[in-house]
Amino acid sequence: SDSTDIPSVVNDDAGGIRKIFQYLIENGHRRIVHIAGPRSLSTGRARREAFERQSEKFGLPLEDSVVIESSAYTEEEGSRCAELALKNHPNHTAYLCANDRLAIGVLQALARHGLRCPADKSVTGFNDMPLLDVITPGLSTVHVPLFESGQTAGRLLAQMMQDPQIIIPAQTVMPVEIVLRGSIASV
């Protein structure tokens, strides 16, 4: 189970989805496909729930705000999900992916169909893994502060070791930010 007495340091999954969703909306996107992470993973659930909340907030009808769930955070699954989306929702303009590897799979599927990103479809990732700036187009994504998260966890652990009575919050949520690199166009 997810419950534990050990404090955790987590990234603001919901905040990241909120920010990138809002950016898509500001750029005119109303028909958005969410390539979701596996429901068995907490990040998959949190990011999907945030996507659904944002869809409601902006009043997007269900047929315009589509969720296709992957079975793993892999390029192959991103590609498989994109194939389904292209077949069943060809007029959707943006793919908001639950992680970068899924997004890379989406880019591969678009290329197979002769579609260009961002001219034909906008694509976003999540995590900001290395080398996203060297692919073309560079992938717009949510930057997750892995180094800072580790630092924070280490600092909290040191405090607990120095003073066993210290009260540490059960969860420390690290802020995330969107990194724009050219995979999102206005519609």
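The values are calculated or read from the model by the stated rules, or taken from the named source; none is laboratory data. For clarity, every value in this text was computed on a predicted model and none was experimentally measured. The area values use the complete protein model at the heavy-atom level, side chains included, leaving out ligands, DNA and RNA. Shrake-Rupley method; radii C 1.70, N 1.55, O 1.52, S 1.80 Å.
Each DSSP beta bridge with both residues in segment 73-187 is either parallel or antiparallel, and the antiparallel ones are about 40%. Summarising the amide proton neighbourhood of Arg181: residues at separation of 5 or more, or on other chains, whose placed amide H is nearer than 5 Å comprise Ser140, Thr141. Of the listed residues Ile168, Ile135, Ile32, the order by accessible area with a 1.4 Å probe, largest first, is Ile135, Ile168, Ile32.
Dividing the radius of gyration of the alpha carbons in segment 5-54 by their Kirkwood radius gives 1.06 for Rg/Rh.
For segment 181-187, the Karplus equation 6.51 cos²θ - 1.76 cosθ + 1.60, evaluated at θ = phi - 60°, returns couplings of 10, x, 9, 10, 10, 7, 10 Hz by residue, with Gly and Pro reported as x.
For the chain, the Kirkwood radius over C-alpha pairs fed into Stokes-Einstein at 25 °C and 0.890 mPa s yields D = 143 µm² per second.
Close amide-amide hydrogen proximity is noted between His34 and Val66, Val67, Ile68, Leu96, each under 5 Å apart and 5 or more residues distant or on a separate chain (H modeled in the peptide plane; Pro and chain starts excluded).
When the solvent-accessible area of the chain is split by element, carbon and sulfur atoms take up 54 percent of it, the probe being 1.4 Å.
Against the chain, whose longest principal axis comes from its Cα atoms, helix 42-57 is set at around 60 degrees.
Ligands, DNA and RNA are left out, and with a 1.4 angstrom probe the accessible area of the chain is 52 Å² per residue. Remark on Met174: its backbone amide H falls under 5 Å from those of Val10, Asn11, Asp12, a criterion applied only to residues 5 or more positions apart or on other chains, H modelled at 1.01 Å from N. How far is helix 13-26 tilted off the main Cα axis of the chain, in degrees rounded to 10, range 0 to 90? Approximately 30 degrees, to the nearest ten.
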